[in-house]
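One structure is given below, encoded as structure tokens.
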Amino acid sequence: MKTYIQQSLCTAVFLISGTVFSQQKITGIVTDNSNININPVLIINVSRHQTVFSDASGKFVIDAAENDEIRFVKEGYYRSDRKILKENFSTSLLIILKKTEIEIPEVKIAYRPTGNLERDSKHLNESRKISGLKSDLEVYMKSPLNEPLPDNAISKTFTGHDFNAGQVDVMGVLSAAAGLFKKATKPKITKPTYNETQIFMARIRKEINFDFLRKYGMGEDEIDAFLMYADDTRQLAKKYRKDFKRYVVEADIKEAFIEYRKTNKIGM
């Protein structure tokens, strides 16, 4: 019995050690392939719920492990996702963000009938459904990719026979049941009262590290003003006061700060 316990402990230590040492630093630079400085860019390790900003030169460093999904977010640019491969730990990543197009308002010119019935009918009788479909297709083709990146997996065509086929996946069933229970018990999003908002803002000040704001020279009064802006524009108290996840709230605040810097003087 003693030998079994010792073996179990050794196995647990080995697994924990493997997980710790598999996480390394990923370095890189973010640019739009021009001479325009687009920083700071928000970099998110989606797999590990970690966030950092690129510096003034576009460089960044973030913890990651193989197969982690790293996301790069910048207002006015298409979002970029990158699946971390083994070779990325030995070479620096180069991330090029593509600027979103600026739509020019459509100018509609009224058609002037020519008097030729055949020509006029061809111009005026296009189906509204066809016009709507063309518009929807154009929007879809210009929209950024929002599907998750595919896993680095071998196609089933080239794999051997699956001996588990037809077997009941007990862990899958339990996981699905847990997901349904979590969804059923998740609190509803409702508009907060004044007191609920004040309690939520006090919790933010207590649990989130605002050194990323202080390094811009912002004092406590300026931080409070920014938090009021963030709550007003991102509805922080409404979304998170009942289901507070620190890393999610922090990421939302950092995205709000990117917009705040555009219209407010920082550290004055």
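Each value in this text was obtained by applying a stated rule to the coordinates, not by laboratory testing. Please read all numbers here as calculations on a predicted model, not as lab measurements. Every residue, glycine as well, gets a Cβ built from its backbone with ideal geometry; the counts of neighbours run over all protein chains shown.
Structural remarks
- Descending by average beta-carbon neighbour count within 10 Å, the peptides 210-216, 77-83 line up as 77-83, 210-216, the highest first.
- Equivalent-ellipsoid semi-axes of the stretch 194-263, from the Cα gyration tensor, Å, largest first: 19, 12, 12
- SER90-VAL61 pseudo-label distance in nm [points 7 Å out on the Cα-to-Cβ vector]: 2.1
- Ordering of 39-45, 239-245 by packing is 39-45, 239-245, highest average first (other Cβ atoms within 10 Å, averaged per residue).
- Residue-span extension gain [ARG203 to LYS239] - 0.36 nm each, minus C-alpha spacing: 11.5 nm
- Local charge for ALA237 was computed over the other residues whose Cβ lies under 11 Å away, with Lys and Arg +1 and Asp and Glu -1, and equals +4.
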